[in-house]
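The structure appears right after this line, and notes come after that.
The values are calculated or read from the model by the stated rules, or taken from the named source; none is laboratory data. If you're wondering where the values come from, they're calculated on a predicted model, not measured in any experiment. Heads up, the Cβs are rebuilt from the backbone with ideal geometry, glycines too, and the neighbour counts pull from every protein chain shown. Heavy atoms of the whole protein, side chains included, go into the accessibility calculation; ligands, DNA and RNA do not. Shrake-Rupley method; radii C 1.70, N 1.55, O 1.52, S 1.80 Å.
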Amino acid sequence: MKEKQNLKSPRLIVSGGGTGGHIFPAIAIADAFKRRHPDAEILFVGAKGRMEMERVPKAGYPIEGLWISGFKRELSFDNLSFPFKLMSSLCKARKILKRFKPDAVVGVGGFASGPTMRKATAMGIPVIIQEQNSFPGVTNKIVAPKAAKICVAYENMDRWFPKDKIVLTGNPLRNNIVSVENLKEEGARFFGLDPQKPIILLVGGSQGALGINKGISAQLHKFKDNDCQMIWQTGKFYIEQAAKEVEAQNLSDRVKTVVFIERMDLAYAAADIVISRAGAMSISELSLVKKPVVFVPLPTAAEDHQTKNAQSLVDADAAVMVRNDKTETELLPAVFDLLKNKEKMSDMSENISKFARPNAAEDIVNEIDKVLGIS
């Protein structure tokens, strides 16, 4: 524990990233910590070339990058460089820690969090793990025995982590997601859509979702027979194809293609129904905004945890699920059927809201403060 008098201006490192599912919780934690401790110094540590190197500075925080990437399970030329990247990242992480002198390190998952947390524990710096998923990553499982606290979003995580270190907090969300009620018209207008007609929001994650994109492409023509609209987040690899398909079918007035959605608050506000992967952060956000959702779990997720995530909501009548290999025949029909059943949509909205944990970021900061001895 740090002495209270030594923490008038606490110093915090937040490490991790790679995807929006890691970056947005990291920023939410930093924002909550800064609100409580305005004089705090916060530094992010990410992976060079990954999206955090752009997103974090936009959020107003400095970031340093490590030369690190994941180890691919299949044979890959990139794996040959992994040992060198790891050593480089461990060395740089140590230099950053020695120079910045943080009072604690928060690891949110992603490539950069491993070297940073491992060096921090070796140097006697308290580490707080924030695990978003029901099936934790390898790095978090390795670091967990030496962590001061482990903040989780799911129950029964003592299968993976020391029970006495676990705190159930939920997943911290982007600040502008907290309240999207009464913004339906503003959201629709922002995306150039008619607020009087049903709007589908498709979010495939920060990188896009190929299986979902293909499912929409296969049945895009059905929009002509259904008086509804769509915000289609394609990801950067599918945007050109999607835009051409929409234009070819004269649907540009009702289907809006975007690479990435900056104003997710307005996208959620505009939506009557959402199509989404079943990652932990997506579920946390959708629970908070109370939107009916059709989940398409990513089949390659570790231990198929996205299917397990989605099934828990389906069992609670809080969502609908379509398998990734069935999107081209079943996805849009399921969405259109749901749009016609207002009573079911209302029930789903109510039921999914029971999974929400709106105070997750503040609860995590409570745990950081306890570790620092300033609670």
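One residue alone among V143, V105 is closer than 29 Å to T307 by Cβ, hydrophobic (A, V, I, L, M, F, W, C), open to solvent by less than 30 Å² (accessible area, probe 1.4 Å) and in contact (Cβ under 8 Å) with a residue 24 or more places away in the chain, and that residue is V143. If you go through segment 7-43 and keep only what is under 14 Å from I68 (Cβ atoms) and either open to solvent by less than 30 Å² (accessible area, probe 1.4 Å) or among the aliphatic types (A, V, I, L, M) (or both), you end up with S15, G16, G17, G18. Number of residues in segment 152-175 that are under 17 Å from I125 (Cβ atoms) and not basic (K, R): the value is 0.
Scanning segment 146-162 for residues that are modelled with pLDDT of 95 or more and either open to solvent by 60 Å² or more (accessible area, probe 1.4 Å) or of a type outside the set (V, I, T) (or both) yields K146, A147, A148, K149, C151, F161, P162.
When restricted to residues that are outside any helix (DSSP H, G or I) and among the basic types (K, R), segment 205-250 contains 1.
Taking the conditions exactly as written (of a type outside the set (D, E), assigned to a helix (DSSP H, G or I) and crowded, with 21+ Cβ neighbours inside 10 Å), does K98 satisfy them or not?
Details: of a type outside the set (D, E): yes; assigned to a helix (DSSP H, G or I): yes; crowded, with 21+ Cβ neighbours inside 10 Å: no.
So K98 does not fit the description; no.
Residue check: is K222 out of contact with any helix residue (DSSP H, G or I) (no Cβ under 8 Å at 6 or more places or on another chain), under 24 Å from K326 (Cα atoms), among the charged types (D, E, K, R) and open to solvent by 40 Å² or more (accessible area, probe 1.4 Å)?
no
In segment 257-330, counting only helices (runs of 4 or more DSSP H) that sit wholly within it, the ones holding 3 or more residues that are free of Cβ contacts under 8 Å to residues at least 40 places away in the same chain span 305-315.
Residues of segment 349-375 that are touching a residue at least 40 places away in the same chain (Cβ under 8 Å), in a helix (DSSP H, G or I) and not β-branched (V, I, T): S349, E350, S353, A360, A361, E362, D363, E367, D369, K370, L372. Annotation: of all residues in segment 109-133 being under 19 Å from K163 (Cα atoms) and open to solvent by less than 20 Å² (accessible area, probe 1.4 Å), the one that is nearest to the chain's Cα centre (by Cα) is Q132.
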